[in-house]
Structure formats: structure tokens, C-alpha cells
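Following: one structure in C-alpha cells, then a few remarks.
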Amino acid sequence: EAQVTQNPRYLITVTGKKLTVTCSQNMNHEYMSWYRQDPGLGLRQIYYSMNVEVTDKGDVPEGYKVSRKEKRNFPLILESPSPNQTSLYFCASRGVGNTIYFGEGSWLTVV
Amino acid sequence: KNEVEQSPQNLTAQEGEFITINCSYSVGISALHWLQQHPGGGIVSLFMLSSGKKKHGRLIATINIQEKHSSLHITASHPRDSAVYICAVRGNDYKLSFGAGTTVTVRA
């Protein structure tokens, strides 16, 4: 079954404590990306990756890092989380057919 | 001003009614996606369009590249169609820009 898997799904953390949200896809897709969704602001792209070792900034990259060392994984790293990074995060991948597959979302609260 | 504008923001329909959601964009695009988000958060891709029209079950999506406009139609609406519908455009730089979403409520 085609899947994009994110972990953790729910997390409450404290300001400044580094955390990583993992994302894995089983469809051999080259393109992967991260988004955040906030009330009143909708979905916004954080980072995206065209392929292994190729990443680029989206519209709201500040405070985030990513890496793409292997095709299936695209982790999102918050080196020093702050309360304004409290949000619902989605990972997604897209293949040659251009259908986008989203993960189930990760609810992150930074206190 | 957002590059992607959706209308209406909210829509309530009676079961069986025909529903139309509109999306206008201001930049050149390589593709347009229609997404569905149910309460609880999961997002599902409904359509990807670069021209013309696509149909899947009771859903129809159209795009007019010259007018920079797309519509999503739901025929014979059903309460299970209640969700947020989001338009997203993909530029030539592979970035995605999203509309604010249309909240659809279908009453039985």
C-alpha cells in the first residue's frame, strides 16, 4: 500500500529542546516536502527535496532543517523549537504521475 | 495578497445539491492540485490538472489556463463530502502554494 509515514503523530515539547519529525515513503518517489498548517494561514511549504542530497527552501524555512540522505526518508529537524513553531506538520511525496501523497500529520506543541 | 484565491470560504448544501468551488491564481503554473481534508486532519489528493477536465466518481475538476482559474464540482452531494477542499498550484520551481481552503458542509 502506498504510504507516507510520519512520526511522532503528537508531541508536546519544551522550548529549545531539539526534536526530529521523521518522514518515510514506500513509493520510490523522488520529490518530498514538508508543510505546516496554521489556523488562518493555511498550508505553507517549509522545505522540499527533488532527490537525494538535493533540498531547497520553501516559503517558511526559518527555524527548520532537513536532510535527504536516502530516497525514502526526509526528516524535519527543529534545532531549537520555539512556541511559534506550534503547528500541524505534514510530509508529502510526489512521483512521476504527479499525485501527491500526504502523511497523516504531526501535531506539535512547543511550550 | 495570496497567489491562490479560493471561493467561497464556507459553503453549506443540502444532500443531493450540486456544489462548485472556485480557485483563481495569479502566477504561471505547471500543475494545479485539488486536495480534500477531513476533520482530524488527513489530506488526500483528489485531482492533478494541467489542462482540461478530469472526473472521478461524483467529482469533476476543470482548469482554464488562459484565465488562470479552476473549479471543483461535486454532483449529488452527500454528508460524507463534508470536508475542507484546498486548491494548490505548482510553479515551475516545484514549490506549492495553497489557497485558504473551502469548508463544505452537506446536511442530510
Check your understanding: Can you list the strands (runs of 3 or more DSSP E) found entirely within the stretch A:38-82 that contain at least 1 residues being modelled with pLDDT under 95?
Key -> A:42-51, A:54-57
**Study point:** First in the stretch A:66-77 and under 13 Å from A:N28 (Cβ atoms) and without any contact (Cβ under 8 Å) to a residue 24 or more places away in the chain, second anywhere and of a type outside the set (G, A, S) and surrounded by fewer than 18 Cβ atoms within 10 Å (Cβ to Cβ), Cβ under 7 Å, 6 or more apart
**Key:** A:E70/A:V52
Practice item. Please work out if B:K68 is within 14 Å of chain A (Cβ to nearest Cβ) and either touching a helix residue (DSSP H, G or I) at 6+ places or on another chain (Cβ under 6 Å) or not acidic (D, E) (or both). Key: no
Exercise for review: Would you check which residues across the stretch A:83-111 are more than 14 Å from chain B (Cβ to nearest Cβ), exposed (fewer than 15 other Cβ atoms within 10 Å of the Cβ), among the β-branched types (V, I, T) and not in a strand (DSSP E or B) and list them?
Suggested key: A:V111
Review point. From the residues in the stretch B:75-97 that are in contact with a His (Cβ under 9 Å, 6 or more places away or on another chain) and within 14 Å of chain A (Cβ to nearest Cβ), which one is farthest from B:H56 (Cα to Cα)?
Key: B:L96
Point to revise | Per-region count, the stretch B:78-100, residues part of a loop (DSSP other than H, G, I, E, B), at pLDDT 95 or above and of a type outside the set (G, A, S) | key: 1
**Study point:** Among the residues listed as B:A100, B:A76, B:A88, B:A61, the single one being under 15 Å from the mean Cα position of the chain (by Cα) and surrounded by fewer than 21 Cβ atoms within 10 Å (Cβ to Cβ)
**Key:** B:A100
Exercise for review: Take the residues in the stretch A:46-76 that are among the polar types (S, T, N, Q) and within 14 Å of A:S93 (Cα to Cα), then tell me which one is farthest from the other protein chains (Cβ to nearest Cβ).
Suggested key: A:N73
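The values are calculated or read from the model by the stated rules, or taken from the named source; none is laboratory data. These numbers were taken from a predicted model, which means no experiment stands behind them. Positions of Cβ are backbone-derived with ideal geometry, glycine not excepted, and every protein chain shown enters the neighbour counts.
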